[in-house]
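Worksheet: the structure to be examined is printed underneath.
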Amino acid sequence: MGKNLSIVTISLLLLLASTSAGQIFDVKSYGGQPNADITQALTKAWKAACAVAGSKVVISAGTYKLGVVTLLGPCKGAIEFHLQGTLQAPSDLSSFNGKGFWVSFQRINSLTVSGGGVFDGKGQTAWQKNNCAKKYSCKTLPINIRFDYVTNSIVHDIQSKDSKFFHINVMGCKNLQIQHVTITAPGDSPNTDGIHIGRSSKITITNAKIGTGDDCISIGDGTQDVTANQVTCGPGHGISVGSLGRYQNEQPVSGIRVIGGTLSNTKNGVRIKTWPSSPPGSASDMHFENIIMNNVANPILIDQGYCPNNQCSNKSPSKVKISNVSFKNIRGTSATKEAVKLICSNSVPCQQVVVADIDLVYKGAGGSATSTCVNVKPTILGKQNPRAVPTNNIKMPPKLLYLMQNKEILFANRL
C-alpha cells in the first residue's frame with residue numbers, strides 16, 4: 001500500500017510541476033478587482049484557462065466578493081486554481097437561487113487547488129435559518145466548496161471559513177488528495193461538517209486542521225479507500241463513518257483508515273453511526289489507529305441507534321452490517337464516564353471487531369472510565385482502560401436499546 005501511495009504522490013507532484021510551468025490567467029486581466037464582485041471575471045478566466053493544457057487561474061492577494069460559480073470541465077489538460085486572496089460568499093441566501101453550493105468544481109481531471117487563500121462562506125446569518133434539528137427532511141443550505149466527479153487531483157494549503165453548511169463536499173471523485181487544509185467555524189454552527197465524502201474512492205486527507213460545529217470528517221455511503229492521516233479535530237463532533245442507512249439504495253462503505261491525529265474537546269471521538277429501521281447495507285474494513293483524545297466525549301463509539309432529535313422510527317433495528325473494524329492505540333482523556341461504547345444492531349450484530357491498546361482516562365465524578373458492548377463480541381488485545389467487556393447479545397425492542405444508551409449517547413444523537 002505504501003509503494004502505491006508513493007507512486008500516486010509522485011504523479012501528483014508531476015501534475016503540480018506541469019501546471020506551474022503553464023500559461024497564467026489572472027482574474028484581473030478579465031476585470032476582476034479587490035473589494036468588488038469577480039463572478040464574471042472568474043467565469044471568463046476559467047473558461048479561457050480550461051481550453052489550454054497546463055494552465056493556471058490566479059486570484060492574487062486581496063478580498064473579493066464572489067457569487068455562485070461552477071468551474072466546469074473537462075479541460076484541455078491539467079489546470080490549477082491558485083487562490084492567494086480571500087473570497088467572500090453572499091450573506092443573503094436569496095443570492096444562491098436555490099442552489100446548494102457556492103463554489104463547485106465539476107468533471108475535471110488533473111485539477112490543483114492551492115495558494116493559501118480563504119473561502120469565506122459568511123455563514124453567520126444563514127445558520128439561524130437552519131432547521132435540520134427540527135425537521136427530518138430539511139432544506140440544506142449552500143456548501144462552501146464542492147468537488148463533483150473530480151479525478152487525479154490535489155487540494156492543498158487552502159482555508160474554508162464559516163460555511164453555511166458543509167465546508168468541503170467530495171462526491172463521485174477518484175484519486176483526490178487533500179493536504180494541509182484549514183477549516184474553521186464556531187462550535188455551535190449547525191451542520192458545518194469539515195469534509196464530507198460520498199460515493200468516492202482513493203481519497204486521502206493529510207495534516208488537516210478542522211474545527212467546526214459538526215463532524216470534522218464524515219463519510220457517506222458508497223465510499224471506498226479513504227485514508228485520513230494526522231488530522232487535528234476540534235471543536236466539532238469528531239470523525240464519523242455515517243450516518244448510514246437513512247435512505248434506500250445506499251452503497252457499501254469499505255476501506256476506511258484514520259491514522260494518527262488529535263481530537264480535542266469534541267462531542268464524539270471516532271464513531272460509526274447508522275440509523276434504526278434502515279434498509280439493508282454494509283460498512284466494513286474500517287480502522288482507527290494511533291489517535292490522541294483530549295477531553296473528548298464518547299471517544300470510541302459504534303452507534304447503530306443513531307436518531308438525532310428523535311427524527312426517526314425505532315420500530316426495527318438497523319440492518320446495516322458492520323464488520324472488520326479495529327480501534328488500536330487510542331489514548332488520552334474522556335469527557336464522559338463511558339469511554340468505549342459499541343452499541344450494535346440486534347438484527348445484524350457487529351462482527352470481527354478488534355479493540356487493542358486503549359488507555360482513556362476519565363477524571364470526573366463517579367469513578368474511572370467504563371465501557372458498554374451490546375450485540376458485539378470484540379477481540380480484546382493489549383492494554384485496556386477501560387476494558388471492553390462484551391455484554392450478552394440483547395434481544396430488546398430498538399426503542400429500549402436506544403434509550404439505554406444513557407444521557408451521553410442521547411445527547412450525542414442530537415448533534
* Which angle between 0 and 90 degrees, to the nearest 10, do you get for helix 39-50 versus the longest principal axis of the chain when only C-alpha atoms count? -> 90
* Pairwise label distance in nanometres, Ala36 with Asn310, each label 7 Å out on the Cα-Cβ vector -> 5.6
* At 20 °C and 1.002 mPa s, what whole-number value in µm²/s does Stokes-Einstein give for the translational diffusion of region 268-339, with Rh from the Kirkwood sum over Cα pairs? -> 160
* **Cα-projected label distance for Ala365 with Ser94, points at 7 Å along beta-carbon direction, nm** => 5.1
* So what is the 222 nm mean residue ellipticity for the chain from helices alone, if each DSSP H run of at least 4 adds -39500 (n - 2.57) and you divide by all residues, rounding to the nearest 500 deg cm²/dmol? -> -3500 deg cm²/dmol
* Structure fact -> Taking region 232-366, the equivalent ellipsoid from its C-alpha gyration tensor has semi-axes in Å, biggest first, of 25, 16, 13
* To do: Determine the gain in length on full extension of the stretch Val354-Ser137; use 0.36 nm per residue of separation and subtract their C-alpha separation, reporting nm with one decimal.
  => 74.5 nm
* Averaged per residue, what accessible area in Å² does the chain show with a 1.4 Å probe, protein chains only? -> 39
* Asked: Over the chain, with a single point scatterer placed on each C-alpha, what log10 of the ratio I(q)/I(0) does the Debye formula yield at q = 0.06, 0.11, 0.13, 0.14 1/Å?
  -> -0.25, -0.79, -1.06, -1.20
* Radius of gyration and maximum dimension Dmax of region 218-297, Cα, Å -> 13.0, 37
* Asked: Calculated FRET efficiency, Arg387 and Gln124, Cβ-Cβ r, R0 60 Å, to nearest 0.05?
  -> 0.85
* To do: Compute the acute angle (0 to 90°) between the alpha-carbon long axis of helix 2-20 and the principal axis of greatest extent of the alpha-carbon atoms of the chain; round to the nearest 10°.
  => 20
* Sorted by accessible area (1.4 Å probe), largest first, how do Tyr136, Tyr362 line up? -> Tyr136, Tyr362
* To do: Take peptides 160-169, 307-316, 249-258, 143-152 and line them up by average Cβ neighbours within 10 Å, highest first, as a rough protection proxy.
  => 160-169, 143-152, 249-258, 307-316
* FRET E, pair Asn294, Gln23, Förster distance 41 Å, beta-carbon r, rounded to 0.05 -> 0.30
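The values are calculated or read from the model by the stated rules, or taken from the named source; none is laboratory data. Bear in mind the structure is a predicted one, so any value in this text is a computation, not a measurement. Don't worry about glycine lacking a Cβ; one is built from the backbone with ideal geometry, like all the others, and counts go over all protein chains shown. The area values use the complete protein model at the heavy-atom level, side chains included, leaving out ligands, DNA and RNA. Shrake-Rupley method; radii C 1.70, N 1.55, O 1.52, S 1.80 Å.
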